[in-house]
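Shown next, in structure tokens, is the structure this report addresses.
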């Protein structure tokens, strides 16, 4: 693309005049200098304090008189819905638009999550978001996440969208907040949220701070926490129904400290929602794999793992779900491969992906290099570097190597 990562199609700061605003490139919308100034102020205004969240970017341990205390470095951010709400508020739902371009960049070398001394070949999901405000122009932003994250596309999309908005001044002030260190609990959660400085608060919140102790002054507008909390709670309840009783109770108790969704504190609702979303994605994958291996084999897997039944409600926790999912997907892959052996019904892209996935699991499990696992499983006929050059004629060879890894080859 010609304009990426914050490069403006139109420079609104260099030419803030009505003649530019009347340009046909801005969809025929005319904006006066007075309106342009007002728009810039509205976009630059701070978010409601209830919209601000904190993410841990680094941790350390300090020795105190009470023993070691873990601390975390927090960075402030706002959900992309806060950005969308502000754009709708200033320009209306039809006064702006956004678009996305998604690509998968491959062959990145990174440290393996299971063993930091080993490296593995991974891919990244790269999203370019273009935000266009009619009458002002367009800005773009880029977001990226490792492809092995189940929510990679969603995270990269949100990152790209917010970076594009920041080029218009929306949420830009968050980059100027100091990084703050706070104490963490035993689960690596902040014991308290940092206090925002006055300059990072909307005007009504600043007035509330100035009038502390003055009960006769006008009552400031309250944050929209109750509305946001109700929306989050509704989504949590919906996810609880999707993942079943056992997994929902596990997530609520572990991440929310309760077993009733209605009793989860507002500060923990987001964490519970994220964990339930991940579990819900796992359930979707399990249903697909179960459909491939059939009810008889799926029932056998449940019995082998000691489950009380075959229903989703009978899965007690996330570790059990992970074990069941890994075995079901592994058998589903073998079932598909055996059904297509000797033919090119499976494309080389799909066959190559299955090989890399199986080889990566074997490499992590046995602490070996990914390239060595692939070479041994194929009797030296395949190499990691040459995988990208294979064609559909190599599907049989790639499938055979995958099956060998699944049968214990490449150990």
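Stokes-Einstein diffusion coefficient for the stretch 224-340 at 25 °C in a medium of 0.890 mPa s, Rh from the Kirkwood formula over Cα pairs: what value in µm²/s?
On the way: Rh = 15.1 Å.
Value of D from the Cα-based Kirkwood radius: 163 µm²/s.
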Exercise. Within the stretch 140-155, whose backbone N sits under 20 Å from a point 7 Å along Cα→Cβ of residue 109?
Worked result: 146-148
For this session: Based on the mean of other Cβ atoms within 10 Å per residue, sort peptides 362-375, 51-64, 124-137 so the most packed one is first.
Result: 124-137, 362-375, 51-64
Exercise. On full extension of the chain, what length is gained from residue 304 through residue 271, given 0.36 nm per residue of separation minus the C-alpha to C-alpha distance?
Worked result: 8.7 nm
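What is the order of 240, 165, fewest Cβ neighbours within 10 Å to most? Can you show the working numbers first?
Values: 240 20, 165 26.
Starting with the residue having the fewest Cβ neighbours, the order is 240, 165.
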Problem set entry | Cα-projected label distance for residue 180 with residue 118, points at 7 Å along beta-carbon direction, nm | 4.1 nm
Exercise. With each label point set 7 Å from Cα along the Cα-Cβ vector, what nm distance links residue 372 and residue 150?
Worked result: 3.2 nm
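Subtract the Cα-Cα distance of residue 312 and residue 381 from 0.36 nm times their separation in residues, and report this length gain in nm to one decimal.
Contour length minus the Cα-Cα distance gives 20.6 nm.
Go ahead and run the numbers for FRET between residue 41 and residue 63, Cβ-Cβ distance against an R0 of 56 Å, rounding to 0.05.
Details: r = 48 Å, r/R0 = 0.85.
With R0 = 56 Å, the Cβ-Cβ based efficiency is 0.70.
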Exercise. Taking a point 7 angstrom from the Cα of residue 99 along the C-beta vector, which residues in the stretch 126-144 have backbone N less than 11 Å away?
Worked result: 130-132
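Read-outs throughout are calculated quantities, based only on the coordinates presented, and are distinct from any laboratory measurement. Predicted, not measured: the structure shown is a model, and the values here were computed from it. Methodologically, a virtual Cβ is constructed for each residue, glycine included, from the backbone with ideal geometry; neighbour enumeration extends over all protein chains shown.
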